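The values are calculated or read from the model by the stated rules, or taken from the named source; none is laboratory data. All values derive from a computational prediction rather than experimental measurement. Here the Cβ positions follow ideal geometry from the backbone for every residue, glycine too, while neighbour counts run over all protein chains shown. We work out accessible area using only protein heavy atoms, side chains counted, and drop any ligands, DNA or RNA first. Shrake-Rupley method; radii C 1.70, N 1.55, O 1.52, S 1.80 Å.
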Amino acid sequence: MSTPTGFMEYQRELPADRDPLERIKDWNEFHKHLSEEQLRTQGARCMDCGTPYCHTGIELAGSVSGCPVNNLIPEWNNLIYRGLWREALERLHKTNNFPEFTGRVCPAPCEGSCTVGLIGDAVTIKTIEQAIIDRGFEEGWVVPQPPKVRTGKRVAVVGSGPAGMAAAAQLNKAGHTVTVYERSDRVGGLLTYGIPTMKLEKHVVQRRVDLLIEEGIEFVTNTEIGKDIPASELVEKFDAVVLCGGATRARDVSMEGRELKGIHMAMDYLNGTIKSYLDSNLEDGNYISAKDKDVIVIGGGDTGSDCVATALRHGCKSVTQFGTVGKAPLQRDNVNNPWPQFPNVYTLDYAHEEAKALFGEDPRAFSVLTKKFVGDENGNLKELHTVQIERIVDPETGRKVYNEIPGTEKVWPADLVLIAVGFEGPEKTLIEQLGLEQDRRSNVKAAYGKYTTNVDKVFAAGDMRRGQSLVVWAINEGREVAREVDKYLMGSTMLP
């Protein structure tokens, strides 16, 4: 234990963020950093409790509790308190291939299940995690570690997102020759083209990709399996195939006026902006611009929030984010949302904080249902119509349903609507070519922990198997599928 009474002596402290009105002028990461002394103090708040939940990685009440990659959190908290940074990095890398990603974009379910959070504020686990890996790169401790011996086995990984990269990294460590196929022009999957640069700058992704290349992994970009290369060809050429293509089919809405100009899918909007920024610092104009527009984002999740932040940086006239759920309480409901469940409380994330600073209020509209889009005589979107809704229990079925509230109809001016209402599953081409079985949600059917499909030699992991989820879950499944593939190829495995 760092210090037995640290959690009582010291207060939780987070690094300050850059001023919202300043950071919306650029596309750089918005977090600042704690000093080494501050980080040691935060590490001292860890109780090293007898039964820690922070690293459990289980699902409770539909959300994750604890760390899905089972990070050895109390151990590296103690090491940071003692000033043993390199040892902390070694502990961190034992369970997580890419802490520089999770330390930036993970919602930190570990902190939601921190024992200190039972009576106060949780340990700043995510902040310490990022500090450890960033220090590791700064000091030159993170270096390529190619395998000493090759097995002669060849593995193809489809998709270079966090699941694909984690699987490739682990399989390469086992000595297999790994080729990763990516349909985009850059490696990284959603890490590159799904998460805005202000949350994850892309040189951070490329830095890790370069390391993996030096360790012997081959990345093939601009190549979509199922179109550019038949899926059957991979099965024939490789000893095993791991599918980590994500769940990228975006869910659309069907209602009056959907065909109007000015209505776009959120990922098209985000991807276009990120690519244009990386290609030309937005000078090529090859993206959907929100400049001087009234923007409505339909969907209350993280993708919608990223659209809000992006629209602000484009210079939008206004921005509002619709969500069908009600406003969360200010404090945890200990009856319906007890510890160690992830706390469902009202917060302002980075995008909402920025919009509030610029326009004076939280951009979210809660419990809102869009009824129709309305356009002008030229087919351009000009407004949308909504109604407030409430969630009730149907007395006949016992299921929770949404009811419209009479008299709450409203018309919103809008030049640009971005649809961010989730995803329907993986792309179908590859699945159909291989004849893969799917579950009821259209994901590739493969049991968690086993990852084998109904086709010999073919494995599936990450969002393609579990549906849209967190980066940390993708890393978890990438690591686990690598272990199962290694066992399949060699009869046994030393991978964790």
Report summary line: Considering region 320-340, residues that are in contact (Cβ under 8 Å) with a residue 12 or more places away in the chain and out of contact with any Lys or Arg (no Cβ under 9 Å at 6 or more places or on another chain), and then whichever is surrounded by the most Cβ atoms within 10 Å (Cβ to Cβ), we arrive at P340
Query - Residues that are among the aliphatic types (A, V, I, L, M) and on the phi > 0 side of the Ramachandran plot, drawn from region 80-121 - result: A108
Query raised in the report: Looking only at region 103-148, which residues are open to solvent by 50 Å² or more (accessible area, probe 1.4 Å) and part of a loop (DSSP other than H, G, I, E, B)?
Result: P107, I119, D121, W141, V143, Q145, P146, K148
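State all residues of region 355-375 that are under 26 Å from N403 (Cβ atoms) and not in a loop (DSSP other than H, G, I, E, B); if no residue qualifies, say none.
R364, A365, V368, L369, T370, K371, K372, F373, V374
May I ask you to list the residues in region 166-193 that are of a type in the set (G, A, S) and buried (at least 21 other Cβ atoms within 10 Å of the Cβ)?
A166, A167, A168, A169, A174, G188, G189
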Query raised in the report: Would you pick out the residues in region 204-260 that are open to solvent by 40 Å² or more (accessible area, probe 1.4 Å), within 30 Å of T370 (Cα to Cα) and either part of a loop (DSSP other than H, G, I, E, B) or among the hydroxyl-bearing types (S, T, Y) (or both)?
Result: T248, R251, D252, S254, M255, E256, R258, E259
Report summary line: Given (1) closer than 27 Å to V471 by Cα; (2) in contact with a Gly (Cβ under 8 Å, 6 or more places away or on another chain); (3) polar (S, T, N, Q); (4) open to solvent by 30 Å² or more (accessible area, probe 1.4 Å), N286 misses just (1)
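Conditions (1) under 29 Å from the mean Cα position of the chain (by Cα); (2) loosely packed, with under 14 Cβ neighbours inside 10 Å, marked per residue:
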| position | (1), (2) |
| --- | --- |
| V393 | no, yes |
| E396 | no, yes |
| R399 | no, yes |
| I405 | no, yes |
| T408 | no, no |
| E432 | yes, yes |
Query raised in the report: Could you say which residue among E390, E424 is over 17 Å from K371 (Cβ atoms) and assigned to a strand (DSSP E or B)?
Result: E424
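Would it be correct to say that A351 is under 25 Å from C67 (Cβ atoms), of a type in the set (A, V, I, L, M, F, W, C) and not in a loop (DSSP other than H, G, I, E, B)? Talk me through it step by step, then tell me what you get.
Values: under 25 Å from C67 (Cβ atoms): yes; of a type in the set (A, V, I, L, M, F, W, C): yes; not in a loop (DSSP other than H, G, I, E, B): yes.
So A351 fits the description; yes.
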Query raised in the report: What pairs come up if the first residue lies in region 266-290 and is without any contact (Cβ under 8 Å) to a residue 12 or more places away in the chain and part of a loop (DSSP other than H, G, I, E, B), the second is open to solvent by less than 60 Å² (accessible area, probe 1.4 Å) and among the small types (G, A, S), and their beta carbons are under 7 Å apart, counting only those six or more places apart or on different chains?
Result: L282/S276; D284/S276
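Being outside any helix (DSSP H, G or I) and within 30 Å of S367 (Cβ to Cβ): is that true of G300 here?
yes
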Report task. May I ask you to list the residues in region 33-72 that are assigned to a loop (DSSP other than H, G, I, E, B), more than 21 Å from A88 (Cβ to Cβ), within 21 Å of the chain's Cα centre (by Cα) and free of Cβ contacts under 8 Å to residues at least 60 places away in the same chain? Result -> G62
Report summary line: When every residue in region 18-65 that is surrounded by fewer than 18 Cβ atoms within 10 Å (Cβ to Cβ) and among the small types (G, A, S) is compared, the one farthest from P109 (Cα to Cα) is S35
Query raised in the report: Within region 149-158, which residues are part of a loop (DSSP other than H, G, I, E, B) and either among the charged types (D, E, K, R) or open to solvent by less than 10 Å² (accessible area, probe 1.4 Å) (or both)?
Result: R150, K153
Query - Tabulated pairs, region 182-194, first outside any loop (DSSP other than H, G, I, E, B), second of a type in the set (F, W, Y), C-beta under 9 angstrom, 6+ apart or interchain - result: L191/F98; L191/F101
